[in-house]
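See below for the structure under consideration.
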Amino acid sequence: MYRLLFERVLARLDAERMHHLGFGLLRALLCLPFLRRLVRRFTSPPDPALTIEALGRRFDAPIGLAAGFDKDAIGYEQLYALGFGFIEVGTLTGQAQPGNPKPRMFRVVRHRGLINRLGFNNGGSLAAIARVSRPREVPLGINIGKTKAVPEEEAVADYVLSSDRLGAFADYVVVNVSSPNTPGLRNLQAVELLRPLLASVRASLDRASPKRHVPLLVKIAPDLADEDIDEVAALALELKLDGIIATNTTIGRAPLSEDEIARVGAGGLSGAPLKARALAVLRRLYARVGDRLVLIGVGGIESAEDVLERILAGATLVQAYTGFIYGGPLWPRRVRRELSRLLRARGYDSVRAAIGQGVLLPRAPG
Ligand SMILES: Cc1cc2nc3c(=O)[nH]c(=O)nc-3n(C[C@H](O)[C@H](O)[C@H](O)COP(=O)(O)O)c2cc1C
């Protein structure tokens, strides 16, 4: 039914307006805690096989909502009720900012993709404090980025401003250096710049939360060269980060036609066209870091098969954004149920048992 509605009606309307409409409706419908509990009981029947301990806490499913959907942390409890195992809010920046001129979000329905150049539209990390500091059940990641108006030389201070403010309330914090829509941001992935940035955010989290270790992850682009991926992996180990999120959207345009590319213009491409590269980046990271870091696989995940493929490639947790848009509000429930079935069918009694099992280990010499 959602598919029909999507194809006949939703896909014809402006993507960003539809997002605000749909999200607004969800927030209104599920504004009462008892309704959220009821819905969650329907979407998320407990299954010990889906439960996973990671980043110092328990997730009742490994499937999370990726950053960008709830940038200002205004509806993560409602989104969680739909059946996600965790929600990542943000990207939040040091200062509030409007983002790029509209239109700035487009569907490429033929390829089950999205292109966005939102440019971190958000109300800023100060305003978000009130919303993330309430007691909650939802495992919550907080994703932080750089304010556009802040010059690159002052980027570290802008990230630290946000981690000082929000770190104590996060189940994990993500340093986002991989959005293609803030000029110069992805340059911060170069290790000379990334080292001081991550070290400063780490120190900020330790100050903000002296009693509880707040896990820190870095989110990388799929467009990095393989050697750069290796360097980020080595740096993450050196700085004792907790994990890496792979990947953000791509500036690549395959397999779009010339017409589609011209119609949409600049921005990051997500969804099915990103699947193969995001998986390849994850595999490369797992080959470098193994079990020493928590890898979160994201990019083009549409089904439980895709989820299991990422887990077998080395992901402990996964996330989706575009697959959820195309799949509708019942998508997380469907994928949960199907993943439960798939795991058992493949002989795994837990997510943990499946992590990295699709990787061929080098044969011992002799
Ligand atoms: C409309 C839109 C907005 C996004 N905004 C953010 C963001 O603010 N911060 C971020 O780290 N990633 C953002 N992303 C990237 C997603 O979190 C995710 O990494 C990417 O879309 C790949 O996953 P997917 O193929 O499941 O969508 C955004 C993606 C989309 C489609």
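Across q = 0.19 Å⁻¹, the range 230-278 modelled as identical point scatterers on its alpha-carbon atoms has Debye log10 I(q)/I(0) values of -0.70, in the order of the q list. The Cα trace of the range 123-206 gives Rg and Dmax of 12.8, 38 Å, the first to one decimal, the second as a whole number.
Pairs of lysines in the chain whose Cα atoms sit within less than 29 Å of one another amount to 23, provided the residues are eight or more positions apart or on different chains.
For the pair the range 69-101 and the range 1-64, the centres of their Cα atoms are 13 angstrom apart.
When you filter the trypsin sites (Lys or Arg not before Pro) in the range 327-357 for DSSP loop state and at most 14 other Cβ atoms inside 10 Å of their Cβ, you are left with 346. Couplings 3J(HN,Hα) for the range 211-228, derived from phi with the Karplus relation 6.51 cos²θ - 1.76 cosθ + 1.60 (θ = phi - 60°), are 8, 10, 5, 9, x, 10, 10, 10, 10, 10, 8, x, 8, 5, 5, 3, 5, 5 Hz, where x marks Gly and Pro. For the range 72-151, GluC sites (Glu not before Pro) are listed when DSSP marks them as loop and at most 12 other Cβ atoms sit within 10 Å of their Cβ; the list is 137. Rounded to the nearest 20 debye, the dipole magnitude of the range 295-366 is 240 debye, with +1 charges on Lys and Arg beta carbons, -1 on Asp and Glu beta carbons, and the Cα centre as origin. Around the amide H of residue 91, modelled in the peptide plane, lie the amide H atoms of 68, all under 5 Å away and 5 or more residues distant in sequence or on another chain. In the full protein context, the chain carries 43 Å² of accessible surface per residue, based on a 1.4 Å probe and ignoring ligands, DNA and RNA.
Normalised by 2.2 N^0.38 Å, where N is the number of residues, the alpha-carbon radius of gyration of the chain equals 0.93. The stretch between residue 228 and residue 211, if pulled fully straight at 0.36 nm per residue, gains 2.7 nm over its current Cα-Cα span. Using the Karplus relation 6.51 cos²θ - 1.76 cosθ + 1.60 with θ = phi - 60°, the per-residue 3J(HN,Hα) values for the range 288-300 come to 8, 10, x, 8, 6, 10, 7, 9, 10, x, 8, x, x Hz, with x marking Gly and Pro.
Each Lys and Arg Cβ is given +1 and each Asp and Glu Cβ -1; about its Cα centre, the chain then shows a dipole of about 1260 debye. Between the alpha-carbon centres of the range 270-290 and the range 252-268 there is a gap of 22 Å. Taking the Cα of residue 2, stepping 7 Å toward and past its beta carbon, and measuring to each backbone N in the range 302-331: which are under 19 Å? Label zone hits: 302-308, 318-331. Each of 105, 78, 56 was scored by the projection of its Cα onto the charge dipole of the range 1-114, and the greatest displacement toward the positive side belongs to 105; charges sit on the C-beta of Lys, Arg, Asp and Glu. Per-residue 3J(HN,Hα) values for the range 74-88, derived from phi via the Karplus relation 6.51 cos²θ - 1.76 cosθ + 1.60 with θ = phi - 60°, read 9, x, 5, 6, 5, 5, 5, 4, 6, x, 5, x, 6, 10, 10 Hz in sequence order (x marks Gly and Pro). Amide H contacts under 5 Å for residue 356: 312, 313, 314, 315, restricted to partners 5 or more places along the chain or on a different chain, H placed in the peptide plane at 1.01 Å from N.
Taking all protein chains in place and a 1.4 Å probe, what share, in percent, of the accessible surface of the range 179-289 do carbon and sulfur account for? C and S atoms contribute 55 percent here.
The values are calculated or read from the model by the stated rules, or taken from the named source; none is laboratory data. None of these values were measured; they are calculated from a predicted model. Every residue, glycine as well, gets a Cβ built from its backbone with ideal geometry; the counts of neighbours run over all protein chains shown. Please note that ligands, DNA and RNA were not included when accessible areas were found on the heavy atoms of the full protein model with its side chains. Shrake-Rupley method; radii C 1.70, N 1.55, O 1.52, S 1.80 Å.
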